[in-house]
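> Let me begin by handing over the structure; questions about it come next.
Each value in this text was obtained by applying a stated rule to the coordinates, not by laboratory testing. In this text the structure is predicted, and so the values were computed from the model without any measurement. Note: ideal-geometry Cβ built from the backbone for every residue, glycine included; neighbour counts use all protein chains shown.
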Amino acid sequence: MGTYRDLLVNPRVFFDGMFTGEKPDLKIPVVIVLVIALLSGVTAMRVSSVTAQLMPAELAGMGAMMGAFGFIAAFIMAFLMWVIWAALFHGISALRGGKGSFNNTLAVAGYGFAPQIISGIISAAVSWWYFSGVTLPVITDPLQIQEVAKELMAAPELMAVSAIGMVFYLWSANIWIFGLMEARRIGAKDAAIAVLIPFAALALFTLWQYIG
Amino acid sequence: MKGYSFVICAALLLMLCTVPAAAQLTPAEAAAQLAVTSYDVEPQVFMYKDTGTVRVAVTNTGEMPIAISRVKLYSNDLSVYGGENYDSVGTIGTGNSLAFTFTVVADTPDGFYYPFFYVDLRDAGSVRYRIPVTVDSTSLTASVTDKPDVFSPGKKEQITILVGNPRENTVNAVEVVPLKNGYTTVQTASFIGTLVPDQSAEVTFEVTPREETVMAFAVRYRNGINVHETLVEVPVTFGEDKKRAAIVLNNIVVESGGTSYTVIGDVTNAGLRDAKSVIVTVGEPGIPVDPYRSYVVGALEPDDFAGFEVTFRAEPGEEVPLIALYKDADGNLYEDAIMLNLADTAKGSRPDSGSAMPLIWIGLVIVAIAVVGGVIFYSWKKT
């Protein structure tokens with residue numbers, strides 16, 4: 001098993017021999033996911049509290065509550081996505097002849113989120129900076145809130161951050177491929193299929209959010 | 001006894017000699033006792049086609065009653081009526097007077113006329129007397145002494161008219177009546193009353209012109225019982241009142257916040273009169289929204305200014321009129337506007353730094369792609 005630097009730039013060396021034991025060590029993957037959950041929570045809290053200002057006066061006071069709610073939701077969603085990604089990898093790789101426990105796949109999925117820490121830091125920083133200078137209109141028609149929020153999120157800064165996030169997801173996908181090869185004892189091609197199918201779905205979904 | 005009788009006879013003879021000869025007056029003597037003591041011509045000066053009266057009074061200045069057969073007023077120029085009333089008059093006692101009134105119509109050109117008054121005495125000739133009657137058709141003068149330089153449609157202004165009497169007699173019931181041909185007035189008429197010769201009077205009207213026309217006023221008056229009228233005209237031309245309030249909107253800043261815009265600025269009264277009830281708002285295609293659909297500034301004196309803030313919704317790139325509404329002292333509504341070009345307004349609240357911002361972020365994405373691509377390439381190359 002290699003160093004954490006190998007995790008990022010030479011994942012084959014990092015995952016080599018990791019899954020020979022009975023159960024993999026999930027402490028590090030949990031920490032990685034925890035950091036990402038915290039970063040996601042901070043970003044979501046910032047966006048939620050700003051969005052609350054679009055509400056009519058009688059609801060605008062709920063900004064703090066909405067921010068907390070956003071943090072908790074994003075925090076939980078991070079762990080949930082970890083499990084969902086692992087389940088997708090495990091299921092598709094099983095169709096490709098993969099063998100091994102779900103814990104192995106869970107560990108690989110968790111390690112693969114490491115580059116998301118960097119993109120999470122970037123996203124949190126840009127969100128704080130952007131929304132700290134935004135002047136929101138007063139909206140009296142609740143039906144306009146979604147429209148205004150959509151326009152706010154369509155800012156070039158936020159779109160650029162989202163694009164950088166997808167690039168870092170590509171980096172994560174690369175780590176997952178190498179990880180699955182070791183954890184599921186499958187070839188590179190099968191591992192790539194198992195990773196790139198859900199990755200492509202994510203990419204299309206992200207693209208559709210901006211184009212749709 | 002004989003001398004006493006002589007005295008009595010002489011006295012009787014003397015009495016007979018002194019019996020007044022009046023019981024035996026000659027025609028000339030009788031006419032001389034009848035005097036025309038006064039005459040009245042009403043109106044004192046006729047106008048063409050006026051109807052009036054000539055009243056002549058005669059007095060018996062003698063000591064014997066005088067019998068009058070008839071009285072007439074003759075004229076070759078004026079039309080005289082009522083003479084049949086005096087075809088049989090009667091006797092006028094000593095010291096008594098009689099007045100005879102005739103109706104006269106001046107259907108003659110201007111000039112001096114002398115109808116003669118004729119008294120036919122039953123027992124002694126006649127008496128004739130010339131009555132001077134003047135006909136002068138000069139009407140009253142009317143002129144405009146004060147009016148605004150230009151009129152504005154629907155705006156109330158004051159007009160002053162001077163009426164003068166150039167005639168030699170007094171006229172009555174003088175009034176000025178606006179004919180309201182293309183304009184309205186607060187006053188329906190203005191009554192002056194009597195104007196003696198060379199007297200004048202001023203009347204003022206508050207007029208509101210509706211169209212460019214010639215405003216006509218009628219000066220009506222009575223000369224005796226005769227009603228006359230003269231017109232005075234005031235041409236109306238519309239133009240801009242140089243003294244009216246003029247609202248100027250400046251120091252305009254438009255800020256965008258999502259789907260609505262906020263415009264702040266100053267409104268100044270650059271005119272010479274007060275602007276009342278000044279309100280700032282936007283017109284179509286802009287749609288005013290809360291919290292400041294329209295901003296009430298109130299009254300602005302000349303050279304006074306105030307700030308305003310208006311919020312509205314519009315599509316980016318549209319031209320929206322920013323409108324200032326205000327009224328004058330009479331309640332007439334005015335509107336001044338400037339166009340807001342929303343194409344120059346940054347969408348969102350971040351200052352528009354032009355294309356530099358997107359290029360920076362595009363550059364960061366490219367850098368990220370390069371870094372990640374390089375890492376992935378390196379990881380597979382190691383394999």
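> How are the alpha carbon pair distances in the range B:83-142 distributed across 10 Å bins from zero to the largest one, expressed in percent?
Here the calculated profile for the range B:83-142 is 15, 41, 25, 14, 5, 1.
> With r defined as the distance between the Cβ atoms of B:Y378 and A:L204 and R0 fixed at 30 Å, what FRET efficiency is calculated, to the nearest 0.05?
On the way: r = 28 Å, r/R0 = 0.92.
That gives a FRET efficiency of 0.60.
> On a full-extension model of 0.36 nm per residue, what is the gain between B:T188 and B:E233, subtracting their alpha-carbon distance, rounded to one decimal in nm? It would help to have the intermediate numbers written out before the result.
Values: separation 45, 0.36 × 45 = 16.20 nm, distance 1.66 nm.
Full extension from B:T188 to B:E233 adds 14.5 nm.
> Also, I was wondering about something else. Starting from the Cα of A:A188, step 7 Å along the direction of its Cβ; do the same at B:T37; then give the gap between the two resulting points in nm.
15.5
> Just from the alpha-carbon atoms, what are the Rg and Dmax of chain B in angstroms?
48.1, 210
> Turning to a different aspect of this structure: Between B:E206 and B:D77, what is the FRET efficiency for a Förster distance of 45 Å, r being their Cβ-Cβ separation, to the nearest 0.05?
Numbers: r = 47 Å, r/R0 = 1.05.
Efficiency, rounded to the nearest 0.05: 0.45.
> Now, a different point. Run the quick spin-label model on B:T170 and B:D330: label points 7 Å from Cα toward the beta carbon, then report their separation in nm to one decimal.
Inter-label distance under the simple model: 3.8 nm.
> Separate question: Relative to the longest principal axis of the C-alpha atoms of chain B, give the angle of the C-alpha long axis of helix B:356-382, reported between 0 and 90° and rounded to the nearest 10°.
Tilt relative to chain B: about 20 degrees.
> With an 8 Å Cα cut-off and a minimum separation of 6 or more residues, compute the relative contact order for the range B:247-349 in percent.
About 31 percent, as a whole number.
> Now for a separate question. Normalised by the number of residues in chain B, what is the relative contact order in percent for Cα pairs under 8 Å and 6+ residues apart?
Averaging sequence separation for qualifying contacts and normalising by length gives 10 percent for chain B.
> Return the sequence-ordered ³J(HN,Hα) values of the range A:170-177 in whole Hz as given by the Karplus equation 6.51 cos²θ - 1.76 cosθ + 1.60 applied to θ = phi - 60°, using x for Gly and Pro.
So the Karplus estimates, Gly and Pro as x, are 4, 4, 4, 4, 4, 5, 5, 4 Hz.
> If you don't mind, there's one more thing I want to ask. Between A:F69 and B:A270, what FRET efficiency follows from the Cβ-Cβ distance if R0 is 56 Å, with the result rounded to 0.05?
It comes to 0.55.
> Which percent of the Cα-Cα distances in the range B:24-135 go past 24 Å?
For the range B:24-135, the fraction of Cα-Cα distances above 24 Å is 26 percent.
> Helix-only estimate, please: 222 nm mean residue ellipticity of chain B, summing -39500 (n - 2.57) across DSSP H runs of length 4 or more and dividing by its residues, to the nearest 500.
Counting only the DSSP helices, I get -4500 deg cm²/dmol.
> Could I ask something else about it? Using each residue's phi in the range B:280-287, evaluate 6.51 cos²θ - 1.76 cosθ + 1.60 at θ = phi - 60° and report the 3J(HN,Hα) Karplus result to the nearest Hz, with x for Gly and Pro.
With coefficients 6.51, -1.76 and 1.60, one gets 10, 8, 10, x, 5, x, x, 10 Hz.
> Can you tell me the length gained on complete extension of the stretch B:S294 to B:Q44, counting 0.36 nm per residue apart and subtracting the Cα distance? Don't skip to the answer; put the middle values down first.
Values: separation 250, 0.36 × 250 = 90.00 nm, distance 6.97 nm.
My answer for the length gained is 83.0 nm.
> If you take every residue apart from B:D328 with its C-beta less than 10 Å away from the C-beta of B:D328, what net charge results, scoring Lys and Arg +1 and Asp and Glu -1?
Details: positive: B:K155, B:K156, B:R244, B:R273, B:K276, B:K327; negative: B:D241, B:D274, B:D330.
It works out to a net charge of +3.
> Most fluctuating residue of B:G193, B:G62, B:G317 in a GNM of chain B with Cα springs under 10 Å: which is it?
Fluctuation is largest for B:G317.
> Could you size up the charge dipole of the range B:141-235 around its Cα centre, putting +1 on the beta carbon of Lys and Arg and -1 on that of Asp and Glu, and report it in debye to the nearest 20?
Its charge dipole is roughly 260 debye.
> Next question, about the same structure. Across peptide A:4-17, what mean number of C-beta atoms from other chains lies inside 10 Å of a residue's C-beta? Present the calculation step by step, with values, prior to reporting the outcome.
On the way: counts 0, 0, 2, 0, 2, 6, 7, 6, 4, 3, 1, 0, 0, 0.
If you average over the peptide's residues, the count of other-chain Cβ atoms is 2.
> So what J values fall out for the range B:135-141 if you push phi through Karplus, 6.51 cos²θ - 1.76 cosθ + 1.60 with θ = phi - 60°, rounded to Hz, Gly and Pro as x?
10, 9, 8, 4, 9, 5, 9
> Any idea what diffusion coefficient the range B:244-307 gets from Stokes-Einstein, in µm²/s, Kirkwood Rh on alpha carbon pairs, 20 °C, 1.002 mPa s? Mind dumping the intermediate values first?
On the way: Rh = 12.6 Å.
Estimated via Stokes-Einstein, D reaches 170 µm²/s.
> What residues qualify as long-range amide H neighbours of B:T194, i.e. H under 5 Å apart, gap of 5 or more or another chain, H built at 1.01 Å from N?
Residues meeting the amide H criterion: B:A173, B:V174.
> Which residues' amide hydrogens lie under 5 Å from the amide hydrogen of B:D50, considering only partners 5 or more residues apart or on another chain, with H built in the peptide plane?
Here the answer is B:A106, since their amide H atoms fall under 5 Å of that of B:D50.
> Using only atoms on other chains, find how many Cβ atoms lie within 10 Å of each Cβ of peptide A:164-176 and report the average.
Numbers: counts 7, 1, 4, 9, 3, 1, 6, 7, 1, 1, 7, 3, 0.
For this peptide, the per-residue mean of nearby foreign Cβ atoms is 4.
> Within the set of other residues whose C-beta is less than 15 Å from the C-beta of B:A124, count the net charge using Lys and Arg as +1 and Asp and Glu as -1.
-1
> Return the subset of B:K155/B:K276; B:K156/B:K327; B:K49/B:K147 for which the Cα-Cα distance in this structure is over 24 Å, preserving the input order.
On the way: B:K155/B:K276 15 Å; B:K156/B:K327 13 Å; B:K49/B:K147 35 Å.
B:K49/B:K147, as the Cα separations exceed 24 Å there.
> So between B:I225 and B:E284, what do we pick up on full extension, going 0.36 nm a residue minus the alpha carbon distance? Intermediate values should be presented prior to the final figure.
Values: separation 59, 0.36 × 59 = 21.24 nm, distance 6.48 nm.
Extra length available between B:I225 and B:E284 comes to 14.8 nm.
> Over the range B:27-79, with a single point scatterer placed on each C-alpha, what log10 of the ratio I(q)/I(0) does the Debye formula yield at q = 0.27, 0.28 1/Å?
So the normalised log intensities are -1.14, -1.19.
> Oh, and also: Using a 10 angstrom cutoff on alpha carbons, build the Gaussian network for chain B and name the most mobile of B:P291, B:P109, B:P43.
B:P291
> Could you give the radius of gyration (one decimal) and Dmax (whole number) of the Cα atoms in the range B:141-235, in Å?
Cα only, the range B:141-235: 13.6, 42 Å (Rg, Dmax).
> For the range B:247-349, how big is Rg over Rh, using alpha carbon atoms and the Kirkwood form of Rh? Please report the intermediate quantities before stating the final value.
Working: Rg = 13.7 Å, Rh = 13.7 Å.
A ratio of 0.99.
> While we're on this one: What's the local net charge at B:L300, with K and R +1, D and E -1, over the other residues with C-beta under 13 Å away?
With Lys, Arg at +1 and Asp, Glu at -1, the neighbours total -3.
> Another question, then. Which value results for Rg/Rh of the range B:270-323 when Rg is the Cα radius of gyration and Rh the Kirkwood radius based on the inverse mean 1/r?
When Rh is taken as the Kirkwood radius, the ratio is 1.06.
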